[in-house]
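Working notes for the structure below.
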Amino acid sequence: MPRMRYVKCNAWIRMVVLASLLSLGACSTPYFEPVSPPDANTSVIYLYRLKADNPGLQPLRFSYPEIFMDDKSIGFLKYETRLMVTVTPGKHHFRVTGLTRDARWEPRDIHLDFTARPGETQYLKLDVQYNLSEMNLGQPGAKYLIFLTPVNSNDAVYEIRYTQPSL
């Protein structure tokens, strides 16, 4: 009799573990809900960095730049993260740099002048890819293609959902 009790208990534990794993799988669908500007006199800009499209290892996965907007730091953009800033509408200057004490980024600075439209949420993507056309077997060091580009909001909401807020 004790042996059967052990088997029933073991089966019960397996069912609970299986149900827990299935419920976790159902909850793991990436979701992102953009923040709307608080009023028509402000704009929201998201900056995000995704996984690279290239196969294999991810370029600069453990490297991250500091992001400046109008010469003021707004944070670090690590692999698969996003930053959100609320701004006044108009032209703003963004700089992606490794030339700060806490940045872990070797590529040269990237600059972008961007116009924030009133009452809108807009998106900028930091795209980091291996430049496979300039890389050869046995070559010391990798070559990269790095861009900071505006992304249409209809496309960005599908991409940005795979990121986490930057801390």
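The values are calculated or read from the model by the stated rules, or taken from the named source; none is laboratory data. Since we're looking at a predicted model, the values are computed, not measured. All Cβ positions, even for glycine, are placed from backbone atoms using ideal geometry, and neighbour counts span all protein chains on display. These area figures cover heavy atoms from the full protein model, side chains too; ligands, DNA and RNA do not enter into them. Shrake-Rupley method; radii C 1.70, N 1.55, O 1.52, S 1.80 Å.
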Sites matching trypsin sites (Lys or Arg not before Pro) across the range 45-133 that sit in DSSP coil, with at most 16 neighbouring C-beta atoms within 10 Å: LYS51, ARG61, ARG101, ARG108
Modelled FRET efficiency - R0 30 Å, SER153 with ASN54, Cβ distances, 0.05 increments: 0.70
Tensor-based shape of the range 69-167 (alpha-carbon gyration tensor, a/c under 1.5 rounded, otherwise prolate or oblate): prolate
Charge sum, other residues only, whose C-beta stays under 11 Å from VAL151's C-beta, Lys/Arg counted +1 and Asp/Glu -1: -2
Accessible area (Å², per residue) of the range 75-167, counting only protein heavy atoms and a probe of 1.4 Å: 61 Å²
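Which net charge results when you count Lys and Arg as +1 and Asp and Glu as -1 among the other residues whose beta-carbon is under 12 Å from that of LYS72?
Numbers: positive: ARG95; negative: GLU66, ASP70, ASP71.
Computed value for this residue: -2.
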The range 25-83: C-alpha gyration tensor shape, a/c 1.5 cut-off, then a/b vs b/c: oblate
